[in-house]
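Here's the structure we're looking at; comments come further down.
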Amino acid sequence: MDNVKLVATATDRSGNRGQVTLESEFDEAPDHVLVRADQSLYRVGDPIEVTLLTTTGSGRAYLDLVKEGQTVLTRSLAISGGRGRVSLDLDETMSGTLWLHAYIISRTGHMVRDTRVVYVNPANDLSIAITPDRDTYRPGEDAQILFQVTDGNGQPVLSALGISIVDESVFALQELQPGLEKVYFTLEEEIMKPRYEIHAFTPRDLVRWPVDQPPPGHKDKAAAVLFATAAEPPTTYSLAVNTFTERQERLRELAEERLRRDAARLSESLQEFVRRRQRAITRKEGLEAAVRAGHLRQDEILDPWGNPYRLLRDYSGWNLELMSAGPDGVEETADDLTWSEQMLLFEGERMDMANLRAGVGGFGMPFDKKELDVLASVSEEIPAPAGAPDATGVAEPRIRRYFPETLWWQPQLITDRHGRATLDIKMADSITRWRLTSMASSASGMLGSQTTGIIAFQDFFVDLDLPVSLTEKDIVSIPVAIYNYLETTQDVGLELQPDDWYELDGDRTIRLTLDPNEVTVAYYRIKAMEIGLHEITVKAYGSEMSDAIARKVEVVPDGQEQWISASERLDARAVQTLHIPQAAIDGASRILARIYPGIFSQIVEGLDSMLQVPFGCFEQTSSVTYPNILVLHYMRETDQITPEIEMKAEQYINLGYQRLLSFEVPGGGFEWFGNAPASKILSAYGLMEFQDMSEVYEIDQEIITRTRRWLIAQQNGDGSWSPDASYLHAESWGRIQNSNLLPTAYILWALLETDYQGEETSRALSYLRAHLDEAEGPYTLAIAANALVAADRNHASTRKAFDDLLALAIVEGDAMHWESEIPSFTHARDKSADIETTALAAYALIRYGKRADATSQVLNYLIESKDPYGRWYTTQGTILALRALLASLGTTAESTDATVTITINGEKAETIEITPETSDVMRLVDLGRFTQEGANTIELTFDGEGSALYELAAKYFVPWRLVPLPREGLLAIDVEYDKRELEMNDTVVSHVRVETRRPGRAEMVIVDLGIPPGFSVETADLTELVDNGTIQKYSLTGRQIIIYLDKIESGKPVEFDYRLRATMPVVASSGVSRVYEYYNTDVEAISQPVEMVVGEHQAEDNNEG
């Protein structure tokens, strides 16, 4: 189609005319979305009506409301008849220029977006003046901020203030609320260029009008024109203590410093607890929960007088409130001290904000003389403030170690009747600009808002750049950046503080001279000696100014990671014993407990774990995509979906869908790597997935029709299908008496499952029923049972198939499973094939609906058979198990209300509260602190309504010197480097040799090659290996090269070379390399790591003195 030309003519009342011509290329994209608002100008409190128009007709669309690059609201809209509508209330957080971003995922898999700009006049009934007592604060310094609230006439107003103080860098990195815009730009890295840019004024200039009048019509029209052509901004992912005497003041300062330091340390450990367990610490369980979990020691939760701090409210990662009973050790007495990160209303009275609160009656109540004497008696135990001289008279720099993203969050600070309020806080240790945002509201409903910056800076400081982790015995040069913004030259002495976890190679003290405004770097070469999370501290003593900083780094074990696990249903009480070998590396063993309140929490974890496995062929890509389809369908059916989850699931489905299409063979059907000839069973598996996908995501229906047509064309005259040639060798299905029975049952199942009924399915069904007696084992019978129950669950042949299948079942306790007689269609054998067979039988039994007892036993087996990573060993096993578990739920949302208690080796480790609202959340409990060599006995009790499932996984490391080389295994791998010592930018050649040592061949082999830290991969070498057919595919991660081989023939090893380039100086492990069968993960071999040395002269040259 030709370009579109638009001619616009404007004439004013005086007859003046203006004309502009616009030309635009016609967009041939099949799908579009338009976003429309009911007007262009709003005020806070108004509703906004948004309409989305799409060409997709049906499906889902997504809406982001974005202000200053921050997503403030997200919505998911159902599209019907090409239209979707939503009405939203505009609150004070949406004032200013508001961008409405609408998205759809097109039928071609692309993201399509439209944008509309509106302006929301702020709530300016109230003005807030914010006055810090200083222009710039030092890290850790006390700050006092004055707030003054007035109305439009300048009169003070008693108001409630909401306050947040957040590091500005956070706003540069991500949204306040994760929005759909981030998901969109993850997929579509496009730049939305403006059609016109209007300079010299802003939307605010155009639309400002008196607050007591509605927007004039001409201004709304003018705003519509302006906003239609507006350039989109760059997108970014986006204690005051009253005193009585000087002595009392000093003592409280000491107590405040101690509580501040304790709170900072406790906050860091508690945040780690919340992050790892994905739950809050309740006030009831207190700090002892973190002690039991190994995040704190018992002595670390004690106040200066040896009494435990008490948690005053649930802690979910922010807003920590601690109470000390004070010198007398008795709560609710006048000497109580409280650390708070927000103001609270105390017994109906307003209390001035303070990091430290003293006394139950408020700050005005002093310590009495007796209590002062007690406090004074322990004051010597509280360290002197930073900067105080030590015994030698040299001032010690204060150590900066508290670097939060949110400094302060307070939902309500009440002003006095003069509109004034004071906030006293202590600055964090970050050197940054903080953004203070304040919202005000009065009793009469007047609103106001204000934002200002608070600068934390000092003219001289140091910083540490640490790796995320080190391996035990790694040697690394730690860079220390030194910043001198003083106006004078300064002599600096760096001092690395001693610690047992590392050995230092070189001087602990480095001396430098820095000119004004100079920034330089120095290095400490250390060797990591002790496993765990450690702190490294550097002090910088300057002739004019000093600083000190502490950061944390994790040291991981230098050995082979090994796992053992146990899992089952938890109804009342369960006891398991896990053994850690005596040879395991000390300090590296830990037991993890996963508590699943219901089946759906297992499914969600299984979905996440699938994203961690390699996926290079059709089945692997399909199985990584499939869980998103199943979960999205279930959450929509049970009305549990959120816009973020929905769009993320559609994102993964879309990406998987596009990848799957690339495996289609010309002429029809699918093959593992897209090479002819196509595989009939693999195509049938894909057909079922595409059908399920079409129910939650709009796809090209032709792919279903085309695949079904191709499968039908392969049918034999007697109604059967023959197996693919790749399954007819002796190690697979070649020994089956009737090798047509299995593929016939599988393809028939796929056709019926995708709602196809025709002559072809009738003939296939007749063949299956006539030859059912020839089914030799559980795998074939499980597939036949699925086909027959899909055809007619009440037919005699269906009943016979289930009777025969159950007769072959193995029952152990309350669990039932089957052992497969042959490898599965993914070439899985042994336990992996058993899990696939059992999951297929479980799905058929659920669809059959007549053997509830057996169904429950089979589900128990699946629940108990997860590997330590939360999967069912292989992608196919995992997807079949997830499909069966989800089918068992139907459209019923689970609900559990109970308490789970975990005891290990006789010690109570954790108590978990499960509510109906959190029944879909898996709980992870780290029992590392209680783990010991030898036997570990874990007891779990369940008290309440519903049931739960659990998995215990023990992880330990065996030193590489004790790991036997599996030379006599079924697979072997050798990795050799042409050199192990080199300089920066040199390349090293890695030679790889993998082979199978059993007759026949190994199918679907993965080679996982370690990448040494500080090296990059020359990918051109790997691309050439794909082009010449040596390997089928490769992919890269930060520390791995993943090579895909479709097979390795006996006596024909696969050998290849690739190059690595050194990018930084290191002395580190090359990383473990491994070869394994994808669908039989226990068939594996490893190549142990070697030491790689890259010259670091460049680093050493930067150290002076």
Practice task
Please list, ordered by first then second residue, the pairs with beta carbon atoms under 7 Å, 6 or more apart or interchain, first in region 13-34 and over 30 Å from residue 63 (Cα atoms), second surrounded by 10 or more Cβ atoms within 10 Å (Cβ to Cβ) and modelled with pLDDT of 80 or more.
Solution key: 17/11
Handout entry: Positions within region 34-83 being among the hydroxyl-bearing types (Ser, Thr, Tyr) and more than 30 Å from residue 448 (Cβ to Cβ), in sequence order
Key = 51, 54, 55, 56, 58, 62, 76, 80
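Out of region 778-807, which residues are under 24 Å from residue 863 (Cβ atoms), buried (at least 17 other Cβ atoms within 10 Å of the Cβ) and either over 42 Å from the mean Cα position of the chain (by Cα) or among the aromatic types (Phe, Trp, Tyr) (or both)? Don't jump to the end; show me each part of the working.
First, pick out the residues of region 778-807 that are under 24 Å from residue 863 (Cβ atoms): 778-779, 781-783, 785-786, 789, 802, 805-807.
When the remaining residues are screened for being buried (at least 17 other Cβ atoms within 10 Å of the Cβ), the result is 778-779, 781-783, 785-786, 789, 802, 805-806.
Answer for region 778-807, where residues must be under 24 Å from residue 863 (Cβ atoms), buried (at least 17 other Cβ atoms within 10 Å of the Cβ) and either over 42 Å from the mean Cα position of the chain (by Cα) or among the aromatic types (Phe, Trp, Tyr) (or both): 779, 802.
May I ask you to verify whether residue 530 is under 38 Å from the mean Cα position of the chain (by Cα), part of a strand (DSSP E or B) and surrounded by fewer than 19 Cβ atoms within 10 Å (Cβ to Cβ)? Even if it seems obvious, please write down each step before you answer.
Values: under 38 Å from the mean Cα position of the chain (by Cα): yes; part of a strand (DSSP E or B): no; surrounded by fewer than 19 Cβ atoms within 10 Å (Cβ to Cβ): yes.
So residue 530 fails the test.
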Practice task
Keeping to region 390-406, report how many residues are outside any loop (DSSP other than H, G, I, E, B) and at pLDDT below 90.
Solution key: 2
Practice task
Please enumerate the residues belonging to region 887-901 that are more than 26 Å from the chain's Cα centre (by Cα) and either modelled with pLDDT of 90 or more or loosely packed, with under 15 Cβ neighbours inside 10 Å (or both).
Solution key: 890, 891, 892, 899, 901
Exercise for the section: Determine if region 698-707 includes at least one residue that is in a helix (DSSP H, G or I), of a type in the set (S, T, N, Q) and modelled with pLDDT of 90 or more. Expected result: yes
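Look at region 399-448 and say how many of its residues are small (Gly, Ala, Ser), buried (at least 20 other Cβ atoms within 10 Å of the Cβ) and closer than 30 Å to residue 90 by Cα.
The initial filter retains those residues of region 399-448 that are small (Gly, Ala, Ser), namely 419, 421, 428, 430, 438, 440-445, 448.
Restricting the remaining residues to those that are buried (at least 20 other Cβ atoms within 10 Å of the Cβ) gives 419, 421, 428, 438, 440-441, 448.
With closer than 30 Å to residue 90 by Cα added as a condition, the list becomes 419, 421, 438, 440-441, 448.
Of the residues in region 399-448, 6 are small (Gly, Ala, Ser), buried (at least 20 other Cβ atoms within 10 Å of the Cβ) and closer than 30 Å to residue 90 by Cα.
Name the one entry in 68, 92 that is modelled with pLDDT under 85, surrounded by fewer than 16 Cβ atoms within 10 Å (Cβ to Cβ), under 18 Å from residue 439 (Cα atoms) and not β-branched (Val, Ile, Thr). If you could, list the steps in order and put the result at the bottom.
On the way: 92 fails: surrounded by fewer than 16 Cβ atoms within 10 Å (Cβ to Cβ).
The match here is 68.
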Practice task
Any residue in region 46-67 that's closer than 15 Å to residue 696 by Cβ: show its pairings with residues that are modelled with pLDDT of 85 or more and hydroxyl-bearing (Ser, Thr, Tyr) at Cβ separation under 9 Å, as long as the two are six or more apart or on different chains.
Solution key: 58/80; 61/54
Fill in the blank from the handout: Residue set 504, 486, 494, 470; condition outside any strand (DSSP E or B) and among the aliphatic types (A, V, I, L, M); output residue 486
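Among what's in region 787-826 and is closer than 30 Å to residue 1083 by Cβ and of a type in the set (Ser, Thr, Tyr), pick the residue that is modelled with the highest pLDDT. Outline the logic, then answer.
Taking region 787-826 first, the residues closer than 30 Å to residue 1083 by Cβ are 805, 808-813, 815-826.
From what is left, the residues that are of a type in the set (Ser, Thr, Tyr) are 820, 824, 826.
On the way: 820: 88, 824: 83, 826: 78.
Across region 787-826, the extreme among qualifying residues is 820.
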Problem - Spans of strands (runs of 3 or more DSSP E) in region 32-145 with at least 1 residues within 30 Å of residue 458 (Cα to Cα) - result: 70-80, 126-132
Completion exercise
With the first residue restricted to region 542-558 and required to be surrounded by fewer than 18 Cβ atoms within 10 Å (Cβ to Cβ) and assigned to a strand (DSSP E or B), and the second required to be hydroxyl-bearing (Ser, Thr, Tyr) and modelled with pLDDT of 90 or more, Cβ contacts under 7 Å at 6 or more apart or on different chains are 550/537
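Considering only region 902-911, state which residues are of a type in the set (Asp, Glu) and surrounded by fewer than 16 Cβ atoms within 10 Å (Cβ to Cβ). Break it down stepwise before answering.
Within region 902-911, the subset of a type in the set (Asp, Glu) is 907, 910.
If the condition is that a residue be of a type in the set (Asp, Glu) and surrounded by fewer than 16 Cβ atoms within 10 Å (Cβ to Cβ), then 907 is the only one that fits.
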Problem - Failed item in (1) touching a helix residue (DSSP H, G or I) at 6+ places or on another chain (Cβ under 9 Å); (2) closer than 22 Å to residue 1084 by Cβ, with residue 984 passing the rest - result: (2)
Practice task
Could you please find all residues in region 1038-1077 being touching a Cys at 6+ places or on another chain (Cβ under 9 Å) and within 14 Å of residue 1001 (Cβ to Cβ)?
Solution key: 1046
Practice task
Among residues belonging to region 1084-1105 that are modelled with pLDDT under 60 and surrounded by 15 or more Cβ atoms within 10 Å (Cβ to Cβ), point out the one that is farthest from residue 526 (Cα to Cα).
Solution key: 1102
Exercise for the section: Kindly indicate whether residue 878 is within 16 Å of residue 806 (Cβ to Cβ), of a type in the set (S, T, N, Q) and modelled with pLDDT of 80 or more. Expected result: no
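Out of region 290-306, which residues are part of a loop (DSSP other than H, G, I, E, B), crowded, with 21+ Cβ neighbours inside 10 Å and among the hydrophobic types (A, V, I, L, M, F, W, C)? Outline the logic, then answer.
Filtering region 290-306 for residues part of a loop (DSSP other than H, G, I, E, B) gives 293-297, 303-306.
From the residues that got through so far, the ones that are crowded, with 21+ Cβ neighbours inside 10 Å too are 293, 295-296, 303.
Answer for region 290-306, where residues must be part of a loop (DSSP other than H, G, I, E, B), crowded, with 21+ Cβ neighbours inside 10 Å and among the hydrophobic types (A, V, I, L, M, F, W, C): 293, 296.
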Exercise for the section: Would you confirm whether any residue within region 748-768 is closer than 26 Å to residue 861 by Cβ, of a type in the set (S, T, N, Q), crowded, with 20+ Cβ neighbours inside 10 Å and touching a helix residue (DSSP H, G or I) at 6+ places or on another chain (Cβ under 9 Å)? Expected result: no
Completion exercise
Those residues of region 500-526 which are of a type in the set (Asp, Glu) and farther than 22 Å from residue 1065 by Cβ amount to 500, 515, 518
Practice task
Looking only at region 644-667, decide whether some residue is part of a loop (DSSP other than H, G, I, E, B), surrounded by fewer than 17 Cβ atoms within 10 Å (Cβ to Cβ), at pLDDT 75 or above and at positive phi.
Solution key: yes
Problem - Residue list for region 410-445, restricted to those being touching a helix residue (DSSP H, G or I) at 6+ places or on another chain (Cβ under 6 Å) and closer than 16 Å to residue 161 by Cα - result: 435, 439
Handout entry: Identity of the residue in region 1004-1041, more than 28 Å from residue 560 (Cα to Cα) and among the small types (Gly, Ala, Ser), that ends up surrounded by the fewest Cβ atoms within 10 Å (Cβ to Cβ)
Key = 1029
Handout entry: Filtered residues of region 468-494 (kept if touching a Lys or Arg at 6+ places or on another chain (Cβ under 8 Å), acidic (Asp, Glu) and buried (at least 19 other Cβ atoms within 10 Å of the Cβ))
Key = 474
Problem - Verdict on residue 66 being of a type in the set (Val, Ile, Thr), closer than 28 Å to residue 445 by Cα and in contact with a His (Cβ under 7 Å, 6 or more places away or on another chain) - result: yes
Exercise for the section: Starting from residues that are buried (at least 17 other Cβ atoms within 10 Å of the Cβ), closer than 23 Å to residue 571 by Cβ and at pLDDT 90 or above, keep the ones in region 912-938 and report whichever is farthest from the chain's Cα centre (by Cα). Expected result: 936
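The values are calculated or read from the model by the stated rules, or taken from the named source; none is laboratory data. Because the structure is a prediction, the values reported are computed rather than measured. Glycine gets a Cβ as well: all are built from the backbone with ideal geometry, and neighbour counts include every protein chain shown.
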